[in-house]
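Here is the structure we will look at.
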Amino acid sequence: MGWRSLFSLRSQTRPQHVSKATWLAQLSDDTRQRLFFQLVLPFLITGYCLLGLIVLPPASFLALAILIYCLYFSVAFLFFLVGLLLVSDNIAKDSRLAILVPIFPIFMLALRIWGVVCTLNEVFRRGHEESSMAPWWVLKRGRRF
C-alpha cells in the first residue's frame with residue numbers, strides 16, 4: 001500500500017461507535033478506488049493466474065499469458081512514449097531506456113504477486129511488528145501494541 005493511501009486511511013480511522021459497513025460507505029470514492037487497486041486487484045490477478053495455471057491446458061494458458069503480456073506491454077509502451085515526448089528534457093538520452101520496456105510487464109506482474117505475499121504476511125504473521133533492530137523471539141516477549 002502506498003504512503004498516500006496509508007495516510008489517507010489513517011486520517012479516516014473508524015470510530016468505535018461506527019460499524020465497519022457504515023465506515024466503508026463514508027469513505028470517499030477516491031479512497032475506495034485506491035483500496036480496490038492496491039488490495040483487492042492484486043489478489044484477483046494472483047488468484048486468476050494460479051487458477052489458470054491449474055485449470056487451463058498449457059497451450060491455452062500460454063496464449064492467455066501472451067495476451068496479457070501484450071496488453072501490459074502496450075500500456076507500458078504508451079506511458080513510455082508519453083513520458084518521452086511530453087516530460088523528457090533529453091529525448092535522445094532517455095530513448096535508450098526503451099530496451100527496458102519489454103521487461104516492465106513482467107516486473108508489473110511480479111510486483112502484484114509480491115504485494116499479495118506482503119499483505120498476507122501483515123495479516124497472518126503480524127509483519128508490521130517485525131523489526132531489523134531485534135530478532136523475532138525478542139519482539140515476541142514484549143507486549144503487542
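Only one of 101, 82 is touching a helix residue (DSSP H, G or I) at 6+ places or on another chain (Cβ under 8 Å) and at pLDDT 90 or above; which?
101
Against the condition of a type outside the set (Val, Ile, Thr), surrounded by 12 or more Cβ atoms within 10 Å (Cβ to Cβ), out of contact with any His (no Cβ under 9 Å at 6 or more places or on another chain) and modelled with pLDDT of 90 or more, how does residue 76 come out, does it pass?
Criteria met by residue 76.
Among the residues in the stretch 90-107, are any surrounded by 13 or more Cβ atoms within 10 Å (Cβ to Cβ), in a helix (DSSP H, G or I) and in contact (Cβ under 8 Å) with a residue 24 or more places away in the chain?
Yes, the conditions are met somewhere in the stretch 90-107.
Mind listing whichever residues of the stretch 44-73 are among the hydroxyl-bearing types (Ser, Thr, Tyr), surrounded by fewer than 14 Cβ atoms within 10 Å (Cβ to Cβ) and either within 19 Å of the chain's Cα centre (by Cα) or not in a helix (DSSP H, G or I) (or both)?
48
The values are calculated or read from the model by the stated rules, or taken from the named source; none is laboratory data. All values reported here derive from a predicted model rather than from experimental measurement. So basically every Cβ, Gly included, is an ideal-geometry build from the backbone, and we count neighbours across all protein chains shown.
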